[in-house]
Amino acid sequence: MRNERKFELNMTRNRFICLTIVPLLLGSAPILTSVQTAQGLTQSSAAEGRTAQDNTHKSGASNLPVNRPLITIAGLCDHSVSNSENSSCKTVITQAEFEAVVDALEPGMPKRARHEFALHYVDALVMAEKAQKLGLDKGRNYEEQMKLARIEVLSKALKKEIFEESSEVSDKDIEDYYQKNIAKFEKAEIERIYVPKDLKSSSTFDGNVTIASSQSRLNEPEQRIKEKADEFRARAVAGEGFTTLQADAYRFAEIKNAPPGTTISIRRISLPAGHGSVMDLKPGQVSAVLSDPNGYYIYKLKSKYVLSADQVRDEIKEALRAEHVQRQTREILDSAAATLDESYFAR
């Protein structure tokens, strides 16, 4: 399960950016309400209020009326109100209006995060109203930014729609995926020896050498490490304990830290690239010496089994969702083709 606090911090980091788009999203909707026009909700707000009230009752979150004032901003007036009236006007945002904004940006925002969001929202409203009075909502730049904002919102809405569609995963889909990919769900208890490639003693050689001999010396340490790894494997096949062999590998590499434990439980998909053949060993068998950029590995399979479909149910659901999202997105993107004039974009 994702850490809720981490999620909240990440979302908070983006909220102020999102709020700069809020006035654009609202367009001509009268969200700023002066005292003269704040006596009742508009037809749109009333509908939102009824919807929010229905949702509130369904969730059991609160029995408070959704049309109650939630945020009051004294001194913030609709741009149509004259400057002489600014001192006596205010903006009132009801619970329904506030929750409509929250749901548009981040449905399910944690309760404790809404207070900070509300403060950012007020700041954005005040700044947007001032910008409008200065005429910053006029001109080519503003219109282009509005177009981009609309494109971004629609693109995001489509991605959300595709993701929500992907959540419908049937039991048959899960079972079919499990049977077709059963190797992914193998888990084994293995012993492992790690022989690091980085030897402290391998970097020292005199400077009085030719390029050819220098290259030869650079290759020499890794050859020596591979030969040592082959020796460790031969000792493992002969039945020597992996704990002793791992300690010897660390001494060979001149690593003073305590060597790691040698017995681990691991899935096929968690093994380093190119090491999957370990899962094909029979219990008691020792693998060949396998390499990766950091060192050499020798494995011994102790036991192996397959996780049940119930154990990996959530994992399969996520995999199927990801496949659905990727497939749907690719179909949409492939329905159009773009050609760029490279003479313009060339660096």
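The values are calculated or read from the model by the stated rules, or taken from the named source; none is laboratory data. Predicted, not measured: the structure shown is a model, and the values here were computed from it. Methodologically, a virtual Cβ is constructed for each residue, glycine included, from the backbone with ideal geometry; neighbour enumeration extends over all protein chains shown.
Residues of region 166-180 being out of contact with any helix residue (DSSP H, G or I) (no Cβ under 8 Å at 6 or more places or on another chain) and either closer than 16 Å to ALA322 by Cβ or surrounded by 12 or more Cβ atoms within 10 Å (Cβ to Cβ) (or both), which ones? Selection gives GLU168, GLU175, ASP176, LYS180.
For region 321-331, check the following and say yes or no: at least one residue is acidic (Asp, Glu) and assigned by TED's automatic domain parsing to the domain that holds ARG224. Checked against the condition, which is being acidic (Asp, Glu) and assigned by TED's automatic domain parsing to the domain that holds ARG224, region 321-331 yields no hits at all.
Which residue out of SER303, SER287 is touching a Leu at 6+ places or on another chain (Cβ under 7 Å), among the polar types (S, T, N, Q) and at pLDDT 95 or above?
When all the criteria are applied, what remains is SER287.
Can you spot a residue in region 325-332 that is surrounded by 10 or more Cβ atoms within 10 Å (Cβ to Cβ), over 23 Å from ILE162 (Cα atoms) and of a type in the set (Ser, Thr, Tyr)? Within region 325-332, not a single residue is surrounded by 10 or more Cβ atoms within 10 Å (Cβ to Cβ), over 23 Å from ILE162 (Cα atoms) and of a type in the set (Ser, Thr, Tyr). Looking at region 247-325, the strands (runs of 3 or more DSSP E) lying wholly inside it that each contain 2 or more residues that are closer than 17 Å to ALA229 by Cα and without any contact (Cβ under 8 Å) to a residue 24 or more places away in the chain sit at 290-292. If the condition is being hydrophobic (A, V, I, L, M, F, W, C) and within 18 Å of VAL92 (Cβ to Cβ), then region 118-144 contributes ALA118, LEU119, VAL122, ALA124, LEU125, VAL126, ALA128.
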